[in-house]
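A.B. asks: Could you have a look at this structure, given as structure tokens, before my questions?
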Amino acid sequence: MLVDEDPEKAYQHAAYARRKASRLSTVREASGIAAYTVGKWQEALADLRAARRMSGRDNFLAVMADCERGLGRPERALEIASDPAAGNLDTADRIELRIVAAGARRDMGDTKAALAELQVPELKERRARPYVARLFYAYADVLEELGRTDDAREYFARASSVDREGVTDADERLAVLEGVELVDIDVEDGIVWTDVEEDGGSEEFVEAPRDRRNDSEDRGDQGEERRESDDRRDEREDDRDRDRD
């Protein structure tokens, strides 16, 4: 989508459409989302409120609440999060609203309350869904702020395991907690190398650990080579004996 590839250009297109058809709820929604992606919180909030009035849909509550956070009004963000309509949202939108509410609590300096906002049944979810990855990630982030490093490590690991679409940087956060450096692995060539070079050094690589099956095959090949070498040595000795005779 254009809003993901070029947010500024998407915003310009949406602003033009808004000038031409401001009474269409779909146009106001698209305009609001585009304004949100470029950080125009007040404009986004106005468009999304209008879209909600026109369409009767509530699925942008999380974005509206986040706009209030962007405007420095976490209390209003929490008011939106407690809107009765939130109970009718689908699971993904409801989780996004909880994540925003947790962020608002943190804005207000109440980290424990932020953790409570995220303690929902979906924390036990195991399916790979973007909203599940974001929930695990947000929960881990709050746990780390509270000093619960082991628990944070567990949930960053969970986020990483279900984040098939790359919506979080859970891998990087987990690596920091583990004190390791992320590497890329070329499965075919068995080469490991780092993404970022430190101190301007040259790229370094080491051989990746091989599969046990390959090790067994290598040992078998080495044994065969040794047997062939022994046979050749015996032949040479036989030849020398014949020469002496």
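The values are calculated or read from the model by the stated rules, or taken from the named source; none is laboratory data. This is a predicted model, so every value here is computed, not measured. Ideal geometry is used to build each Cβ from the backbone, glycine not excepted, and the neighbour counts take in all protein chains shown. Side chains are part of the model used for accessible areas, which takes the heavy atoms of the whole protein and leaves out ligands, DNA and RNA. Shrake-Rupley method; radii C 1.70, N 1.55, O 1.52, S 1.80 Å.
A.B. asks: Considering only residues that are hydrophobic (A, V, I, L, M, F, W, C) and more than 11 Å from V63 (Cβ to Cβ), look in the stretch 20-33 and name the one that is most open to solvent (accessible area, probe 1.4 Å). Talk me through it step by step, then tell me what you get.
C.D. replies: Keep residues of the stretch 20-33 that are hydrophobic (A, V, I, L, M, F, W, C), which gives 21, 24, 27, 30, 33.
Checking the rest, the ones that are also more than 11 Å from V63 (Cβ to Cβ) come to 21, 24, 27, 30.
Values: A21: 29, L24: 91, V27: 25, A30: 55 Å².
Going through the qualifying residues, I end up with L24.
A.B. asks: For G32, state whether it is farther than 23 Å from D141 by Cβ and either in contact with a Cys (Cβ under 9 Å, 6 or more places away or on another chain) or among the polar types (S, T, N, Q) (or both). Spell out the reasoning first.
C.D. replies: Numbers: farther than 23 Å from D141 by Cβ: yes; either in contact with a Cys (Cβ under 9 Å, 6 or more places away or on another chain) or among the polar types (S, T, N, Q) (or both): yes.
Taking the combined requirement at face value, the residue satisfies it.
A.B. asks: With L143, L174, L123 as the choices, which residue is more than 24 Å from F60 (Cβ to Cβ), open to solvent by 20 Å² or more (accessible area, probe 1.4 Å) and among the aliphatic types (A, V, I, L, M)? Before the answer, list the steps.
C.D. replies: On the way: L143 fails: open to solvent by 20 Å² or more (accessible area, probe 1.4 Å); L123 fails: open to solvent by 20 Å² or more (accessible area, probe 1.4 Å).
Step by step, each of L143, L174, L123 is checked, and only L174 is more than 24 Å from F60 (Cβ to Cβ), open to solvent by 20 Å² or more (accessible area, probe 1.4 Å) and among the aliphatic types (A, V, I, L, M).
A.B. asks: Could you check the stretch 25-80 and list, in sequence order, the residues that are under 24 Å from the mean Cα position of the chain (by Cα), part of a helix (DSSP H, G or I) and small (G, A, S)?
C.D. replies: Going residue by residue through the stretch 25-80, those that are under 24 Å from the mean Cα position of the chain (by Cα) are 33-39, 59-67, 69-70.
With the extra rule that they be part of a helix (DSSP H, G or I), the set shrinks to 33-37, 61-67, 69-70.
Residues satisfying the conditions are A34, A35, A62, A65, G70.
A.B. asks: Additional query: Regarding the stretch 69-77, can at least one residue be identified that is of a type in the set (A, V, I, L, M, F, W, C) and closer than 25 Å to L118 by Cα? Before you say what the answer is, go through the steps one by one.
C.D. replies: Looking only at the stretch 69-77, we keep the residues that are of a type in the set (A, V, I, L, M, F, W, C), and these are 71, 77.
Those left that are additionally closer than 25 Å to L118 by Cα: 71, 77.
Yes - at least one qualifying residue is present in the stretch 69-77.
A.B. asks: Take the residues in the stretch 147-167 that are at pLDDT 95 or above and assigned to a loop (DSSP other than H, G, I, E, B), then tell me which one is least open to solvent (accessible area, probe 1.4 Å).
C.D. replies: G147
A.B. asks: Could I ask something else about it? Would you mind telling me which numbered condition in (1) assigned to a helix (DSSP H, G or I); (2) in contact with a Phe, Trp or Tyr (Cβ under 9 Å, 6 or more places away or on another chain) R105 fails?
C.D. replies: (2)
A.B. asks: Next question. Have a look at R28, R19, R49, R23 and point out the one that is at pLDDT below 95 and in contact with a helix residue (DSSP H, G or I) (Cβ under 9 Å, 6 or more places away or on another chain).
C.D. replies: Working: R28 fails: at pLDDT below 95; R19 fails: in contact with a helix residue (DSSP H, G or I) (Cβ under 9 Å, 6 or more places away or on another chain); R49 fails: at pLDDT below 95.
Residue meeting the stated conditions: R23.
To keep it simple, each residue is scored yes or no on (1) closer than 27 Å to L146 by Cβ; (2) in contact (Cβ under 8 Å) with a residue 12 or more places away in the chain; (3) surrounded by fewer than 20 Cβ atoms within 10 Å (Cβ to Cβ); (4) not acidic (D, E).
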| site | (1), (2), (3), (4) |
| --- | --- |
| F60 | no, yes, no, yes |
| A65 | yes, yes, no, yes |
| D90 | no, yes, yes, no |
| K112 | yes, yes, yes, yes |
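A.B. asks: Ok, one more. If A138 satisfies all but one of (1) under 17 Å from the mean Cα position of the chain (by Cα); (2) under 19 Å from L61 (Cβ atoms); (3) open to solvent by 30 Å² or more (accessible area, probe 1.4 Å), what's the number of the condition it fails?
C.D. replies: So the condition that A138 fails would be (3).
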